[in-house]
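Asker: Next up is a structure, given as structure tokens.
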């Protein structure tokens, strides 16, 4: 299944100096749930010490809340510097 995000990734690879804005609308609760289903859950816990099992609890509620935060104006992204 090819998503709009896949198309943006291809565009980013082909035009590395291109800048993208307002991508939050692509990160929907459905996209987050699908990403969860495809994720390898056998790895170590993250820096927040949350395991895959604990993250899976109330997953739909978490995805809906995260999706709402992505499109709200109350949460802003931090500046990130990439190092290659």
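Each value in this text was obtained by applying a stated rule to the coordinates, not by laboratory testing. What you see is a predicted model; the values in this text were computed from it and never measured. All Cβ positions, even for glycine, are placed from backbone atoms using ideal geometry, and neighbour counts span all protein chains on display.
Asker: What nm value, rounded to one decimal, do you get for the distance between residue 35 and residue 57 when each label is placed 7 Å out toward the C-beta?
Answerer: Distance between the two pseudo-spin positions: 2.2 nm.
Asker: Arrange the peptides 57-67, 42-52, 19-29 so that the one whose residues have, on average, the most other Cβ atoms within 10 Å appears first.
Answerer: 57-67, 19-29, 42-52
Asker: Normalised by the residues of region 1-75, what does the relative contact order come to in percent, with Cα pairs under 8 Å and at least six apart?
Answerer: The normalised contact order for region 1-75 reaches 38 percent.
Asker: Moving on to the next point. What does the C-alpha gyration tensor say about the overall shape of region 1-64? Classify as rounded when a/c is under 1.5, otherwise prolate if a/b is larger than b/c, or oblate. If you can, show how the numbers build up before the last one.
Answerer: Details: a/c = 2.33, a/b = 1.87, b/c = 1.25.
Cα axes put region 1-64 in the prolate bin.
Asker: What length, rounded to one decimal in nm, is gained on full extension from residue 42 through to residue 10, with 0.36 nm per residue of separation minus their alpha-carbon distance?
Answerer: Once the chain is fully extended between residue 42 and residue 10, it gains 8.7 nm.
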